[in-house]
Amino acid sequence: QVQLVESGGGLVQPGGSLRLSCAASGSIFSVYSMGWYRQAPGKQRELVASITSDGSTNYLDSVKGRFTVSRGNAKNTVYLQMNSLKPEDTAVYYCNFDRTIVAGIWGYEHAYWGRGTQVTVSS
């Protein structure tokens, strides 16, 4: 079974930086899209950034120019570098692997989610 584990969240002052990491365990053959979502209290979960297997990226308008998503050299890792953080970036951040093929389970694509990591931007 595939599990995603996020790390790197925490408390940071406005203007600061954090780097989130997501590592997957399990026999992943391929992942089409890796992404980061966030959910603030009382709000819907929203896509923050994603990156496809060919390197194409997509960002939420409010984070463009501040956040950078990247895939690790290993096929099962993804990162989110967050700079110039603002209080409105405060949320639980979730890692997502979409259209994932697991070795030995051919012909099916799965979506996986991590449990989330808290990011709090406050002075």
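For the stretch 117-122, putting each phi into the Karplus relation 6.51 cos²θ - 1.76 cosθ + 1.60 with θ = phi - 60° gives couplings of 9, 7, 10, 10, 10, 7 Hz, in residue order, rounded to whole numbers and with x for Gly and Pro.
Antiparallel beta bridges, as assigned by DSSP with both residues in the stretch 1-120, represent about 95 percent of the total such bridges. For the chain, set up a GNM with springs between Cα atoms under 10 Å and report which of Ala23, Ala103, Ala91 has the largest fluctuation. So, out of Ala23, Ala103, Ala91, the one fluctuating most is Ala103. Overall, the ratio between the Cα radius of gyration of the stretch 1-63 and 2.2 N^0.38 Å, rounded to two decimals, is 1.29. Each other residue within a Cβ distance under 12 Å of Ser33 adds +1 if Lys or Arg and -1 if Asp or Glu, for a net charge of -1.
Given Cβ point charges of +1 (Lys, Arg) and -1 (Asp, Glu) and nothing else, what value in debye, to the nearest 20, does the dipole of the chain about its Cα centre take?
So the dipole magnitude of the chain works out to roughly 140 debye.
Scalar couplings 3J(HN,Hα) for the stretch 20-36, obtained by applying the Karplus form with A = 6.51, B = -1.76, C = 1.60 to θ = phi - 60°, are 8, 10, 9, 10, 10, 10, x, 8, 7, 8, 7, 9, 6, 9, 10, x, 10 Hz; x denotes Gly and Pro. Multiplying each eigenvalue of the alpha-carbon gyration tensor of the chain by 5 and taking the square root yields semi-axes of 26, 14, 12 Å, largest first, rounded to whole angstroms. In this rough spin-label picture, where each label sits 7 Å from Cα along the Cβ direction, the Thr77-Thr120 distance is 2.8 nm.
Listed by chain and number, the lysines whose C-alpha is less than 24 Å from the C-alpha of Lys43, apart from same-chain residues fewer than 8 away, are Lys64, Lys86.
Each label was represented as a point 7 Å from its Cα along the Cα-to-Cβ direction; for Arg19 and Ala40 these points are 2.6 nm apart. Near Val121, once Lys and Arg are set to +1 and Asp and Glu to -1 for all other residues with Cβ below 9 Å from its Cβ, the sum equals -1. Take the Cα of Leu47, step 7 Å toward its Cβ, do the same at Arg99, and the gap between the two points is 1.1 nm.
Each reported figure results from applying straightforward, stated rules to the coordinates on display, with no laboratory input. All values derive from a computational prediction rather than experimental measurement. Glycine gets a Cβ as well: all are built from the backbone with ideal geometry, and neighbour counts include every protein chain shown.
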